[in-house]
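Everything below concerns the one structure shown next.
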Amino acid sequence: MYTVLRGESPLPQRLCLALGFFDGVHRGHAALLQRVKAQAAELGAEAAAITFDRHPAAFIGQVPPPILSAPQDRAFLAEKICGIDRMLCLPFDHSVAAMSPENFVDRVLRNELHAVGVTVGANYTFGAGGRGNAETMQSLCEARGMAFSMVEPVLERSEPVSSTRVRAALAQGDMELAERLLGHPHMMTGLVGHGQRVGRRMHFPTANLRLDDKIALPRAGVYVSRTELPDGRSIPSVTNIGTRPTVDERDEVTIETHLIDVNEELYGSEIRIWFRKYLRPVIKFASLSELAARISEDVETARRLEA
């Protein structure tokens, strides 16, 4: 029923599980993951996190929001930020959506995943119609001899950190606020595809990122970023999100990143872009030479900020 995103298979016979969607792996999620690690250490078990392959909102009559991070990125961040080296992905389908809280605990957590401990956030909901909450989970765990732990929301400026707040910060291009909420720069991963090679003709070659259309994009504009290559190198970069009005009349949104002082063929490679700072909106220039001059300014700004 589950997919192992990170860690070994088969699963150990004693697991402590952190439950949530973990979209973006923000500071609230990090607190949850740190707590499950402590719980696992106390019980002599292994710690793991569970996410879903799609947002549960789609199955309770709501429009699912764009996601901040694909499942594999959640697994990567959970290990990088919190040292959680095992993450599982459950398919959220009609059968899971219809499960009672009791069935979810018994069939999924106990029988399939061998849970001896569970950690959730204070606002956690589960079961058909979302009728189970943290208190329900506590009661069910205690009745079955499973350890239970609940984590209160982490606050930023007196308000709970949430994926919703991160999305709002990205929509404004406020990467500093997004980083405070996340505890790390916003990141997206994708495959490099072929573009029109306009940047290369201007001596600013770009890697064109292909993303799932369900991924939330930051505000259209130009960003200071760092790009992580498959070999682990982290390169200062400038990333453009949006249309390309100077060279293309179409409304197609693209994600293009220029790696500063690096000129390599990356087609077909998977790269990660870490967004640091919004520089400016997308502008239509009168000529390619004007565009190239402005890109040169953007590159020098990024070089100074990422030095």
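Where a number appears in this text, it was derived from the coordinates with a stated rule and is not lab data. These figures come from a predicted structure and were not determined experimentally. We place every Cβ from the backbone using ideal geometry, glycine too, and count neighbours over all the protein chains shown.
Structure notes:
- Residue that is surrounded by the most Cβ atoms within 10 Å (Cβ to Cβ) [pool: residues in segment 90-124 that are closer than 25 Å to Pro10 by Cβ and of a type in the set (S, T, N, Q)]: Thr119
Here's the yes/no breakdown for (1) in contact (Cβ under 8 Å) with a residue 40 or more places away in the chain; (2) under 18 Å from Ala122 (Cα atoms):
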| residue | (1), (2) |
| --- | --- |
| Thr136 | no, yes |
| Arg144 | no, no |
| Phe148 | no, yes |
| Val161 | yes, yes |
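- Condition met for Phe104 (over 27 Å from Ala143 (Cβ atoms), among the aromatic types (Phe, Trp, Tyr) and not in a strand (DSSP E or B)): no
- Per the conditions (1) among the aromatic types (Phe, Trp, Tyr); (2) closer than 17 Å to His186 by Cβ; (3) touching a strand residue (DSSP E or B) at 6+ places or on another chain (Cβ under 6 Å); (4) surrounded by fewer than 24 Cβ atoms within 10 Å (Cβ to Cβ), the sole criterion not satisfied by Phe76 is (3).
- Annotation note: Cβ proximity below 9 Å between a residue of segment 268-296 that is without any contact (Cβ under 8 Å) to a residue 60 or more places away in the chain and a residue that is part of a strand (DSSP E or B) and surrounded by fewer than 18 Cβ atoms within 10 Å (Cβ to Cβ) (sequence gap 6+ or interchain) occurs for Leu279/Gly221; Arg280/Gly221; Arg294/Arg280.
- Residues that are of a type in the set (D, E, K, R) and within 12 Å of Pro218 (Cβ to Cβ) within segment 261-281 comprise Arg276, Lys277, listed in sequence order.
- Unmet criterion (only one of (1) touching a Pro at 6+ places or on another chain (Cβ under 9 Å); (2) more than 19 Å from Arg54 (Cβ to Cβ); (3) not hydrophobic (A, V, I, L, M, F, W, C)) for Asp106: (1)
- Gly24 vs. criteria of a type outside the set (S, T, N, Q), buried (at least 21 other Cβ atoms within 10 Å of the Cβ), closer than 30 Å to Leu191 by Cβ and touching a residue at least 24 places away in the same chain (Cβ under 8 Å): yes
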